[in-house]
Amino acid sequence: ADFDAKKKRKVAKIYQALNSDPIDVATLRRMAISEGGLLTDEIRCKVWPKLLSVSTDELPSLPARKELREDNKDYQQVLLDVRRSLRRFPPGMPDDQREGLQEELIDIILNVLKRNPQLHYYQGYHDIVVTFLLVVGDRLATALVEKLSTHHLRDFMDPTMDNTKHILNYLMPIIDQVNPEVHDFMQSAEVGTIFALSWLITWFGHVLSDFRHVVRLYDFFLACHPLMPIYFAAVIVLHRKQEVLDCECDMASVHHLLSQIPQDLPYESLISKAGDLFVQFPPSELAKEAAQAAQAERTAASTFKDFELASVQQRPDTVLRQRFRERLRGEERTKSILTKPRTNRFVKLAVMGLTVALGAAALAVVKSALEWAPKFELQIFP
């Protein structure tokens with residue numbers, strides 16, 4: 001009963017935010033991040049467009065099926081992937097209903113690609129699109145997926161894997177900040193980060209079998225910085241630290257263990273931890289280690305920029321490559337952060353007890369602080 005009362009209060013808050021003028025997006029973000037996410041698909045239909053700044057007033061209608069499929073270079077590959085996507089539909093759904101949805105899925109994908117010739121289809125993209133289709137229906141899904149594809153997913157849709165690899169390079173530095181032992185073990189095993197590739201490029205849609213868990217994560221990712229999925233990936237590895245350390249220290253064993261994702265993860269506490277880690281170790285602080293991992297140019301962006309960008313839909317790699325205007329100060333700061341000995345990390349984590357207590361809500365609080373004071377310098381964390 002207590003849970004129900006809590007749920008009712010949350011629903012009321014969400015509708016209040018939706019009905020305020022202008023719409024209170026900061027509160028919607030907070031609701032999407034906090035425990036239970038957006039609760040129902042009916043609410044998601046209303047809130048997801050707001051989180052992506054997509055107007056639902058006049059949704060374009062889809063072009064004729066025949067016209068979309070004729071002479072389309074991606075059609076055969078999309079068709080194969082969608083045919084293989086049976087398990088992404090609710091068990092027990094009648095065949096003809098599922099087949100109808102699969103045809104719609106093909107149309108949505110081809111339509112987005114046709115309208116954005118700079119985007120390249122990748123295997124796994126359909127896992128994201130089907131999630132939107134099942135929650136919001138084909139027309140709204142098309143608009144949301146198009147926005148997502150030109151922002152959050154943009155790097156995965158380049159002709160090469162370079163930017164995707166660049167984002168994967170953030171995984172190990174995050175793990176290193178929290179648990180150096182796990183990091184060093186994984187480095188010794190030379191396992192790399194490819195085990196997390198399908199997690200990242202499908203927003204976990206491909207690897208989680210329970211649809212409720214998938215949409216709960218989508219609530220979270222849509223409300224956050226485009227790099228949040230890589231923080232969530234790190235949190236899953238850290239959650240399994242004992243299994244990892246008990247594993248044979250070789251590539252095959254560790255890769256096999258990590259690529260089998262457990263289905264009974266404590267999603268709410270992992271979401272909260274991922275939010276905390278983002279606040280403690282924003283991408284700009286990890287940029288140097290991530291770039292070293294790739295021997296690429298290192299990027300210094302201010303923490304403040306990260307938070308500011310959290311509210312703007314951008315492609316993740318652009319976020320990473322943002323140059324910090326006051327470069328010197330930024331570099332000095334990055335240097336001092338990254339060259340502190342490890343013991344300091346624990347002091348820092350103790351100071352961060354505050355955010356841990358607040359959970360992922362801290363993210364949204366910081367976000368709403370920015371809404372009313374865009375020039376507010378983020379000196380919240382040492």
task = Any chance you could count how many residues in region 32-48 are open to solvent by 20 Å² or more (accessible area, probe 1.4 Å) and either outside any loop (DSSP other than H, G, I, E, B) or more than 24 Å from His213 (Cα to Cα) (or both)?
result = 4
task = Would you be able to tell me the number of residues in region 151-185 that are touching a residue at least 60 places away in the same chain (Cβ under 8 Å) and of a type in the set (Ser, Thr, Tyr)?
result = 1
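Open to solvent by less than 30 Å² (accessible area, probe 1.4 Å), of a type in the set (Phe, Trp, Tyr) and either under 23 Å from Pro49 (Cα atoms) or part of a helix (DSSP H, G or I) (or both): does that describe Phe132?
Numbers: open to solvent by less than 30 Å² (accessible area, probe 1.4 Å): yes; of a type in the set (Phe, Trp, Tyr): yes; either under 23 Å from Pro49 (Cα atoms) or part of a helix (DSSP H, G or I) (or both): yes.
Against the criterion (open to solvent by less than 30 Å² (accessible area, probe 1.4 Å), of a type in the set (Phe, Trp, Tyr) and either under 23 Å from Pro49 (Cα atoms) or part of a helix (DSSP H, G or I) (or both)), Phe132 qualifies.
Restricting attention to region 84-99, which residues are open to solvent by less than 70 Å² (accessible area, probe 1.4 Å) and under 13 Å from Phe211 (Cβ atoms)? Walk me through it before giving the result.
Here is the first cut: in region 84-99, the residues open to solvent by less than 70 Å² (accessible area, probe 1.4 Å) are 85, 88-90, 93-94, 98.
Correct list: Ser85, Arg88, Phe89, Pro90, Met93.
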message = If I ask for residues that are in contact with a Ser or Thr (Cβ under 8 Å, 6 or more places away or on another chain) and either in a helix (DSSP H, G or I) or modelled with pLDDT of 95 or more (or both), which ones from region 166-197 would you list?
response = Leu168, Leu171, Met172, Ala189, Phe195, Leu197
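Starting from residues that are part of a helix (DSSP H, G or I), open to solvent by 30 Å² or more (accessible area, probe 1.4 Å) and out of contact with any Ser or Thr (no Cβ under 9 Å at 6 or more places or on another chain), keep the ones in region 225-254 and report whichever is farthest from Leu52 (Cα to Cα). Explain how you work it out, then say what you get.
Taking region 225-254 first, the residues part of a helix (DSSP H, G or I) are 228-239, 241-246, 251-254.
From the residues that got through so far, the ones that are open to solvent by 30 Å² or more (accessible area, probe 1.4 Å) too are 239, 241-243, 245-246, 251-253.
Checking the rest, the ones that are also out of contact with any Ser or Thr (no Cβ under 9 Å at 6 or more places or on another chain) come to 241-243, 245-246, 251-253.
Values: Lys241: 34, Gln242: 38, Glu243: 37, Leu245: 39, Asp246: 42, Met251: 39, Ala252: 39, Ser253: 40 Å.
If we take residues in region 225-254 being part of a helix (DSSP H, G or I), open to solvent by 30 Å² or more (accessible area, probe 1.4 Å) and out of contact with any Ser or Thr (no Cβ under 9 Å at 6 or more places or on another chain), then Asp246 is farthest from Leu52 (Cα to Cα).
Yes/no per residue for (1) in a loop (DSSP other than H, G, I, E, B); (2) open to solvent by 30 Å² or more (accessible area, probe 1.4 Å); (3) out of contact with any helix residue (DSSP H, G or I) (no Cβ under 7 Å at 6 or more places or on another chain); (4) not assigned by the TED database to the domain that holds Phe204:
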position: Lys50; (1), (2), (3), (4): no, yes, no, yes
position: Thr56; (1), (2), (3), (4): yes, yes, no, yes
position: Leu80; (1), (2), (3), (4): no, yes, yes, yes
position: Asp107; (1), (2), (3), (4): no, no, no, yes
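Residue by residue through region 213-229, note down the ones that are basic (Lys, Arg) and at pLDDT below 95. Before you say what the answer is, go through the steps one by one.
Kept after step one, since they are basic (Lys, Arg), are these residues of region 213-229: 216.
Selection gives nothing.
Could you please find all residues in region 11-26 being open to solvent by 20 Å² or more (accessible area, probe 1.4 Å) and assigned to a helix (DSSP H, G or I)?
Val11, Ala12, Lys13, Tyr15, Gln16, Leu18, Asn19, Val25
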query = Name the pairs whose Cβ atoms lie under 7 Å apart, with the first residue in region 198-221 and assigned to a loop (DSSP other than H, G, I, E, B), the second of a type in the set (Asp, Glu), and 6 or more positions between them or separate chains?
reply = Thr202/Asp127; Gly205/Asp127; His206/Asp127
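Hey, any hits in region 18-28 for a residue that's hydrophobic (A, V, I, L, M, F, W, C), within 23 Å of Leu270 (Cα to Cα) and within 27 Å of the chain's Cα centre (by Cα)? Please lay out each step first, then the result.
Of the residues in region 18-28, the ones hydrophobic (A, V, I, L, M, F, W, C) are 18, 23, 25-26, 28.
Subsequent filtering for residues that are within 23 Å of Leu270 (Cα to Cα) retains 26, 28.
From the residues that got through so far, the ones that are within 27 Å of the chain's Cα centre (by Cα) too are 26, 28.
Checked region 18-28: at least one residue is hydrophobic (A, V, I, L, M, F, W, C), within 23 Å of Leu270 (Cα to Cα) and within 27 Å of the chain's Cα centre (by Cα).
Go through Ile194, Ile201 for me and flag whichever is open to solvent by 10 Å² or more (accessible area, probe 1.4 Å) and under 12 Å from the mean Cα position of the chain (by Cα). Step through it out loud before you land on a result.
Values: Ile194 fails: under 12 Å from the mean Cα position of the chain (by Cα).
Just one listed residue meets the conditions, Ile201.
The values are calculated or read from the model by the stated rules, or taken from the named source; none is laboratory data. What you see is a predicted model; the values in this text were computed from it and never measured. FYI the Cβ positions are ideal-geometry reconstructions off the backbone, even for glycines, and counts take in every protein chain you see. Side chains are part of the model used for accessible areas, which takes the heavy atoms of the whole protein and leaves out ligands, DNA and RNA. Shrake-Rupley method; radii C 1.70, N 1.55, O 1.52, S 1.80 Å.
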